[in-house]
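The values are calculated or read from the model by the stated rules, or taken from the named source; none is laboratory data. Only a predicted model underlies this, so the values are computations on that prediction, with no experimental measurement involved. For neighbour counting, all protein chains shown are included, and Cβ atoms are generated from backbone atoms with ideal geometry for every residue, glycine included. Ligands, DNA and RNA are excluded from the accessible area calculation, which covers all protein heavy atoms including side chains. Shrake-Rupley method; radii C 1.70, N 1.55, O 1.52, S 1.80 Å.
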Amino acid sequence: MRRTAVAAVGAIVAATIAPTAVAEPQFDPDAVDRYVREYADNAAYPGVAVAITRGDRVVHLAGYGHTSTGAVRGHVSAIVTRLDLANRVQPAVLAHDAGLVARPP
């Protein structure tokens, strides 16, 4: 069950931007949109959900294709609950540590 939920995190392309001691990179939601749309089109996904956080704050939440922002919230909430995690950042960290997702360019 845990492996399935981790795979689901990878499938929704969750990413975490970790805070740093140096100047924070500029967040460009349009660049995220372009990246996700191209990735989803190439992979032939009917819908993709994306949740990007910085620390404990959601900085970008979107649904693409046949997925709405409300569905993104529901998917992330369900994953956090199923994995018994403390917050919505941990699924992205777990997926990254498992090698299911990479930090986008």
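Among residues belonging to the range 79-93 that are open to solvent by 20 Å² or more (accessible area, probe 1.4 Å) and part of a loop (DSSP other than H, G, I, E, B), point out the one that is farthest from ALA51 (Cα to Cα). Outline the logic, then answer.
First, pick out the residues of the range 79-93 that are open to solvent by 20 Å² or more (accessible area, probe 1.4 Å): 80-82, 84-90, 93.
If we keep only those that are part of a loop (DSSP other than H, G, I, E, B) too, we end up with 84-89.
On the way: ASP84: 18, LEU85: 16, ALA86: 16, ASN87: 13, ARG88: 9, VAL89: 9 Å.
The qualifying residue farthest from ALA51 (Cα to Cα) is ASP84.
I'd like the residue in the range 10-29 that is open to solvent by 40 Å² or more (accessible area, probe 1.4 Å) and part of a helix (DSSP H, G or I) and, out of all such residues, is modelled with the lowest pLDDT.
My answer is ALA11.
Mind checking which residues of the range 30-48 are assigned to a helix (DSSP H, G or I) and surrounded by 13 or more Cβ atoms within 10 Å (Cβ to Cβ)? Step through it out loud before you land on a result.
Restricting attention to the range 30-48, the residues satisfying the condition of being assigned to a helix (DSSP H, G or I) are 30-43.
The answer is VAL32, ASP33, TYR35, VAL36, ARG37, TYR39, ALA40.
Only one residue in ALA7, ALA51 is of a type in the set (Gly, Ala, Ser), outside any helix (DSSP H, G or I), modelled with pLDDT under 85 and surrounded by 10 or more Cβ atoms within 10 Å (Cβ to Cβ). Which one? Don't jump to the end; show me each part of the working.
Working: ALA7 fails: outside any helix (DSSP H, G or I).
Within the list ALA7, ALA51, the selection yields ALA51.
Sort out which residues of the range 62-75 are within 20 Å of TYR39 (Cα to Cα) and buried (at least 16 other Cβ atoms within 10 Å of the Cβ), and write them in order of number. If you could, list the steps in order and put the result at the bottom.
Residues of the range 62-75 within 20 Å of TYR39 (Cα to Cα): 62-69, 71-72, 75.
If the condition is that a residue be within 20 Å of TYR39 (Cα to Cα) and buried (at least 16 other Cβ atoms within 10 Å of the Cβ), then ALA62, GLY63, TYR64, THR67, VAL72, HIS75 are the ones that fit.
What are the pairs, 6+ residues apart or on separate chains, where a residue within the range 42-59 that is touching a residue at least 60 places away in the same chain (Cβ under 8 Å) has its Cβ under 7 Å from a residue that is open to solvent by less than 40 Å² (accessible area, probe 1.4 Å) and of a type outside the set (Val, Ile, Thr)?
none
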